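So the structure is just underneath, and the comments pick up after that.
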Amino acid sequence: MPYLDVNDTTLYYEDEGTGPALLFLHGWGTSGRTWGAQQAGFVTNHRVVTVDWRGCGRSARPARGNTIAGVVSDLVALIGALRLDRPVVIGSSVGGAFATELAVRHPELIGGVVSVDGPAYWPSSGPQAELLDDLRRDRAGTVAGWVPGWYAPGTASALIDWTVRQILDSGVYIDDHQAAAPDYDPRPTLPGLRVPIHYIHGELDVPIPLEVARTCAALTPGAEVTVIAGSGHMPHQERPTEFNTALRTALARMARAGAAPATS
């Protein structure tokens, strides 16, 4: 199995296909498995890389480094070790924050960002401390009660249950991301972003409402928002066909702008 030792941890990744590189980043507590429909949909024309970032999935669970800076440092090492040629980085939820910060701190390494229902500044407006207290007191019950609200009504219970299991299987140290979220606000950096970014957002996302993507796009030169109708917080899983079409369109726009390799 493909593992990579970076910094103070070990990351599991999958690397398949040839062509313009795409690097997929999952959300809080899940894994690269959440991108199964995208791996199947893009591997024939792209080099598709998924990674379980530290503390999640099949990667190691270190007690330290579970910060945006720590994950971004891991991603820089991964891009270098795999010799990825300016990949477009697609990040779901907090993965969107990782992708955005990678673009801010290392624009020379990537060809573009697609933020999928990224939280951006939104956690600073909510009761984050209450969530952390609940996780510490009753982790299983809190996750089981919270995750169904990520998805649109009518989502298969099997998908929701699978997400709950993945999060519970991840280490408690990933809660550091929740603790730091209220202090994170990318808005001041977006007007000067040197990497193209596109926002894809579920129409019915409750945890991170659509206005967040629209606010961020309005601040980012050339950015646009694609809304996935009928989807909640995880459109790549809930509406994979519509999501893949939206992603192909975003990649094509980046290619036309000369910022990323062409896509079919």
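General remarks:
- Out of D161, D205, sole residue that is in contact with a His (Cβ under 9 Å, 6 or more places away or on another chain) and either exposed (fewer than 15 other Cβ atoms within 10 Å of the Cβ) or not aromatic (F, W, Y) (or both): D205
- Qualifying residue in region 240-256 (condition: outside any loop (DSSP other than H, G, I, E, B) and over 27 Å from G17 (Cα atoms)): no
- Test: D185 is exposed (fewer than 15 other Cβ atoms within 10 Å of the Cβ), under 18 Å from the mean Cα position of the chain (by Cα), under 30 Å from A255 (Cα atoms) and of a type outside the set (S, T, Y): yes
- Members of region 220-236 found to be of a type in the set (A, V, I, L, M), without any contact (Cβ under 8 Å) to a residue 40 or more places away in the chain and either over 11 Å from I200 (Cβ atoms) or part of a loop (DSSP other than H, G, I, E, B) (or both), listed by number: A223, A229
- Contact annotation: no residue pair with Cβ atoms under 9 Å, 6 or more positions apart or on different chains, pairs a residue in region 33-59 that is at positive phi and surrounded by fewer than 23 Cβ atoms within 10 Å (Cβ to Cβ) with a partner that is outside any helix (DSSP H, G or I) and acidic (D, E).
- Screening region 160-195 for residues that are in contact with a Lys or Arg (Cβ under 8 Å, 6 or more places away or on another chain) and outside any helix (DSSP H, G or I) and picking the one that is modelled with the lowest pLDDT gives G171.
- Verdict on A40 being in a loop (DSSP other than H, G, I, E, B) and of a type outside the set (D, E): no
- Filtered residues of region 242-264 (kept if closer than 19 Å to I110 by Cβ and at pLDDT below 95): R253, M254, A255, R256, A257, G258, A259, A260, P261, A262, T263
- Any hit, region 166-179, residues being within 18 Å of the chain's Cα centre (by Cα) and of a type in the set (V, I, T): yes
- Filter pass, A144 being surrounded by 15 or more Cβ atoms within 10 Å (Cβ to Cβ), aliphatic (A, V, I, L, M), part of a helix (DSSP H, G or I) and at pLDDT below 95: no
The values are calculated or read from the model by the stated rules, or taken from the named source; none is laboratory data. What you see is a predicted model; the values in this text were computed from it and never measured. When we count neighbours, we look across all protein chains shown, and the Cβ atoms used for this are built from the backbone with ideal geometry, even at glycine.
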